[in-house]
1. At a probe size of 1.4 Å, how large is the accessible area of Ser123, to the nearest 10 Å²?
2. Just to be sure I follow the rule: in the chain, considering lysines 8 or more places apart or on different chains, how many pairs have Cα atoms under 20 Å apart?
3. Over the chain, with the other protein chains present, what is the accessible area per residue in square angstrom, probe 1.4 angstrom?
4. Could I have the simple spin-label model distance between Gln3 and Ser123, label points 7 Å from Cα toward Cβ, reported in nm to one decimal?
5. How are the alpha carbon pair distances in the chain distributed across 10 Å bins from zero to the largest one, expressed in percent?
6. Just to check I understand the Karplus step: with θ = phi - 60° and J = 6.51 cos²θ - 1.76 cosθ + 1.60, what whole-Hz values come out for segment 57-71, glycine and proline as x?
7. Mind ranking Tyr95, Tyr113 by accessible surface for me, highest first, 1.4 Å probe?
8. Roughly speaking, to the nearest percent, how much of segment 80-124's 1.4 Å accessible area is carbon and sulfur?
Amino acid sequence: QVQLAESGGGLVQAGGSLRLSCVASGRTFSSGAMGWFRQAPGKEREFVAGITGSGLGIEYADSVKGRFSISRDNAKTTVYLQMNSLKPEDTAVYYCKLSLLPSPRIGYGAPGYWGQGTQVTVSS
């Protein structure tokens, strides 16, 4: 069993920054990709960013390229999402996912584990 715990969400003004963290515990799979999704009210959960087990492969959604940066520390079984130049449309609940597959382009339906989510609110 794997548990994922996100932290770092909050309220920030447009143009500001936040750093999300996701710590994996339990039976972890270092070869699996980890990533972030988000879900805004009334919308489907969407892929934001993903990173391979080695950290060498990274993918981003077009909407966050150049503003968000994903990284991981395998020694701490933690994945981070640095979010800069935040916009009101980034407001959502952000979920961490540990995929059982190696690809950093993590699919919503890919086998894996989800965290409980952390709220990010960007005010205009």
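The values are calculated or read from the model by the stated rules, or taken from the named source; none is laboratory data. Everything quoted here is computed from the prediction, not taken from an experiment. Cβ coordinates were reconstructed from backbone atoms using ideal geometry, including for glycine residues, and neighbour counts include every protein chain displayed. Surface areas here come from the heavy atoms of the whole protein model, side chains and all, with no ligands, DNA or RNA. Shrake-Rupley method; radii C 1.70, N 1.55, O 1.52, S 1.80 Å.
1. Only protein atoms counted, so the area is about 40 Å².
2. Lysine pairs, 8 or more places apart or on different chains, close enough: 5.
3. Solvent-accessible surface per residue comes out at 50 Å².
4. 3.4
5. That works out to 15, 51, 29, 5, 0, in percent per bin.
6. x, 9, 9, 10, 5, 4, 5, 10, 4, x, 10, 9, 9, 9, 8
7. Solvent-accessible surface, decreasing: Tyr113, Tyr95.
8. 53
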